[in-house]
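These notes concern the structure reproduced below.
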């Protein structure tokens, strides 16, 4: 269980095949995933995710363009969420990030902010990045509020980008921050 970074209350570690069941439970929970437009959950099977995790774990490329991690509570050691980087471009020195604090009982306690700060510091330093970007559907008010509090700036909105399984259309907001503007290093 390789810890890549930690802060006061959380640690971020590599995924393991044994995490598959936990992720399937999270991803198929409509209450949790509704802020992303999946009111009935994502409908992923354990087999599908196990294969995805296996491929990611066996690909040991240190500069893999996409990698997912588990966020754990440092004290109980239990998984509480996930973070991912994607579209890693070492030439342009940038990547995208995603975060989900999946234990609903722990939301609203600053753990999402703490997790994102720790993960971004890791990415800026580990890959020598100059920019990190992320996106969110416009309806995810809490996430957008957190991103803006941390200094992310909107740079593009695509209206009606995605229609969820319920038939509701969502705008997608793109945000980014340059390392020189990151004040949590």
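Values in this text are rule-based calculations from the coordinates and carry no lab data. Note that the coordinates shown come from a computational prediction; the quantities given were computed from them, not determined experimentally. Cβ: placed from backbone, ideal geometry, glycine included. Neighbour counts: every protein chain shown.
Observations
- The range 97-167 - Kirkwood radius from inverse mean 1/r over Cα pairs (Å): 13.9 Å
- Remark: spin-label model distance residue 148-residue 3 equals 3.5 nm, labels positioned 7 Å along the Cα→Cβ axis.
- Each residue, residue 126 and residue 77, gets one label point 7 Å from its Cα in the Cβ direction; the gap between the two is 2.1 nm.
- Taking each residue as 0.36 nm, the span from residue 66 to residue 157 lengthens on full extension beyond its C-alpha to C-alpha distance by 30.4 nm.
- The base-10 log of I(q)/I(0) for the range 1-83, evaluated at q = 0.11, 0.20, 0.26 Å⁻¹, reads -0.32, -0.99, -1.25 [Debye formula, identical scatterers on Cα atoms, solvent excluded].
- If you sort the three axes of the alpha carbon gyration tensor as a ≥ b ≥ c, you get a/c of 1.5 or more for the range 1-43 and a/b no higher than b/c, which makes it oblate.
- Taking each DSSP H run with n ≥ 4 as -39500 (n - 2.57) and averaging over every residue of the chain yields -8000 deg cm²/dmol at 222 nm.
- The range 18-44 and the range 74-124 have their alpha-carbon centroids 17 Å apart.
- Debye log10 I(q)/I(0) for the chain, one point scatterer per Cα, at q = 0.19 Å⁻¹: -1.56
- Compactness ratio for the range 53-141: Cα radius of gyration over 2.2 N^0.38 Å (N = residue count) comes to 1.14.
- For the range 118-157, backbone nitrogen atoms closer than 19 Å to the point 7 Å from residue 171 Cα along Cα-to-C-beta are found at 134-149, 152-157.
- Ellipsoid semi-axes in whole angstrom, largest first, where each is sqrt(5λ) of the Cα gyration tensor of the range 126-180: 25, 12, 9
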